[in-house]
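The values are calculated or read from the model by the stated rules, or taken from the named source; none is laboratory data. Predicted, not measured: the structure shown is a model, and the values here were computed from it. Cβ atoms come from the backbone with ideal geometry, glycine included; neighbour counts cover every protein chain shown.
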Amino acid sequence: MFTSKEIINANNAYNNTEKVFVDTDAYIYFSRNYKPNTLLTVLDFGSGLFPSEALKLQSKGYNVTLHEFGNNFLPDVHSKVALDYKYDIILASNVINVQSSSNMLKLTLSLMADSLKAGGSIILNYPPYPNLLKLSKEELEKIFSKFFSFKQIKKYNNLYKLQLLNSK
């Protein structure tokens with residue numbers, strides 16, 4: 001699992017930087033391409049201390065489960081058992097860029113893969129900062145290719161859609 005230091009670094013990534021890039025494109029893309037539906041299961045992976053976008057989706061009728069860990073976990077908001085289930089869609093907004101070690105990044109991608117239903121998709125962004133691992137898009141895509149087939153969503157500069165390699 002993650003070390004305490006990795007969790008603290010990830011949780012504090014937006015607090016310890018002068019430049020903050022809060023990118024909501026994953027939520028915008030999702031809400032434009034998927035109609036509210038309680039049968040479609042959605043996991044907001046790393047929804048954060050202030051999960052306003054995920055809560056907006058819930059209020060519009062989407063079946064969204066919120067996942068978080070460390071000091072960002074709020075018992076009344078986030079599910080302790082979120083990763084015990086599989087989902088049709090996983091949203092990961094401002095998550096990949098705050099992974100504080102290559103081990104943490106690989107474990108995060110593995111947890112997402114394990115939580116995804118066959119045929120499901122992960123919609124995630126990779127904002128330019130903070131970028132704790134300082135990976136280029138090309139380096140990140142090489143790591144993605146070990147777990148997923150993927151495409152960058154052209155209309156959105158930092159957005160990707162991933163699917164399991166053996167999934168249709």
Response to the item:
Considering residues that are in contact with a Lys or Arg (Cβ under 6 Å, 6 or more places away or on another chain) and modelled with pLDDT under 90, the number found within the range 135-168 is 0
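Of all residues in the range 21-53, which are in a helix (DSSP H, G or I) and not β-branched (Val, Ile, Thr)? Break it down stepwise before answering.
The first filter runs over the range 21-53 and keeps only residues in a helix (DSSP H, G or I), leaving 25-33, 52-53.
Of everything in the range 21-53, those that are in a helix (DSSP H, G or I) and not β-branched (Val, Ile, Thr) turn out to be 25, 26, 27, 29, 30, 31, 32, 33, 52, 53.
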Fill in: Filtered residues of the range 92-117 (kept if part of a loop (DSSP other than H, G, I, E, B) and at pLDDT 95 or above)
115
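Only one of 165, 107 is over 16 Å from the mean Cα position of the chain (by Cα), surrounded by fewer than 20 Cβ atoms within 10 Å (Cβ to Cβ), more than 19 Å from residue 33 (Cβ to Cβ) and of a type outside the set (Phe, Trp, Tyr); which?
Working: 107 fails: over 16 Å from the mean Cα position of the chain (by Cα).
Just one listed residue meets the conditions, 165.
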Discussion item. Consider the range 3-20. How many of its residues are part of a loop (DSSP other than H, G, I, E, B), modelled with pLDDT under 75 and farther than 15 Å from residue 127 by Cα?
Written reply: 3
Item to complete: Determine the pairs where a residue that is part of a loop (DSSP other than H, G, I, E, B), located within the range 118-146, has a partner that is aromatic (Phe, Trp, Tyr) with Cβ atoms under 8 Å apart, the partner being 6 or more residues away or on another chain.
Response: 126/160; 127/21; 128/21; 129/21; 130/14; 130/21
Worksheet entry | Contacts under 7 angstrom Cβ, first residue in the range 54-75 being farther than 20 Å from residue 33 by Cβ, partner part of a strand (DSSP E or B) and acidic (Asp, Glu), 6 or more apart | 66/44; 67/44
Item to complete: Please list, ordered by first then second residue, the pairs with beta carbon atoms under 8 Å, 6 or more apart or interchain, first in the range 37-53 and in contact (Cβ under 8 Å) with a residue 24 or more places away in the chain, second assigned to a loop (DSSP other than H, G, I, E, B) and basic (Lys, Arg).
Response: 41/86
Worksheet item: Somewhere in the range 70-91, is a residue part of a strand (DSSP E or B), under 13 Å from residue 46 (Cα atoms), more than 11 Å from the chain's Cα centre (by Cα) and modelled with pLDDT of 95 or more?
Response: no
